[in-house]
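The values are calculated or read from the model by the stated rules, or taken from the named source; none is laboratory data. No experiment lies behind these values; they were computed from the predicted model shown. Neighbour counts are summed over all protein chains in view; Cβ atoms, including those assigned to glycine, are modelled from backbone coordinates with ideal geometry. Note: areas computed on protein heavy atoms with side chains; ligands, DNA, RNA excluded. Shrake-Rupley method; radii C 1.70, N 1.55, O 1.52, S 1.80 Å.
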Amino acid sequence: MTGDDVALKPKTVTNPKPERPRLYKVLLINDDFTPREFVTMVLKAVFRMSEETGYRVMMTAHKFGSAVVVVCTRDIAETKAKEATDLGKEAGFPLMFTTEPEE
Ligand code: TYC
């Protein structure tokens, strides 16, 4: 037997498109203790925001309870959220950044 007579299964999926990686939001959560200036400083340091953008995002969380800081891959979102939360912890503040998948 040479194998020449084996019927090949027709290909059903031609060139499947590569899946786009799922995106995650980093959320800033309001609290009653972390000073506004400190929150703005963390947003500038970790998320490279300008003073104006950092202040605006901080005030959005302050008024509404939370604010979207950035949308990115899961890996980057989790690393940045931890880095920013740790800065608050080191300074003795309950500042919290969380991540969640985008719809
Ligand atoms: N609510 C805080 C205060 O009045 C400031 C603050 C804003 C804290 C946003 C956390 O995510 C936050 N000092």
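Considering only protein heavy atoms, what per residue accessible area in square angstrom results for the chain with a 1.4 angstrom probe?
On the way: 7740 Å² over 103 residues.
Normalised by residue count, the accessible surface of the chain is 75 Å².
At a 1.4 Å probe, what is the % contribution of carbon and sulfur to the accessible area of the chain?
Of all accessible area on the chain, carbon and sulfur atoms account for 55 percent.
Loop only by DSSP, 11 or fewer other Cβ within 10 Å of the Cβ. Give me the trypsin sites (Lys or Arg not before Pro) in segment 38-103 that pass, ordered by residue number.
Values: sites: LYS44, ARG48, ARG56, LYS63, ARG74, LYS80, LYS82, LYS89; in loops: ARG48.
Answer by residue number: ARG48.
Where in segment 13-73 are there GluC sites (Glu not before Pro) that are in a DSSP coil and have at most 12 other Cβ atoms within 10 angstrom of their Cβ?
GLU19
Taking 2.2 N^0.38 Å as the expected size of a compact globular protein, what ratio does the Cα radius of gyration of segment 12-56 give against it, to two decimals? All intermediate terms of the calculation are to be shown ahead of the outcome.
Details: Rg = 18.5 Å, N = 45, 2.2 N^0.38 = 9.3 Å.
So segment 12-56 has a normalised radius of gyration of 1.98.
As an exercise, find the ratio Rg/Rh for the chain from alpha-carbon atoms, using the Kirkwood inverse-distance average for Rh.
So for the chain, dividing Rg by the Kirkwood Rh gives 1.42.
Return the distance in nm (one decimal) between the two label points of a simple spin-label model at LYS17 and PHE38, each offset 7 Å from Cα along Cα→Cβ.
4.6
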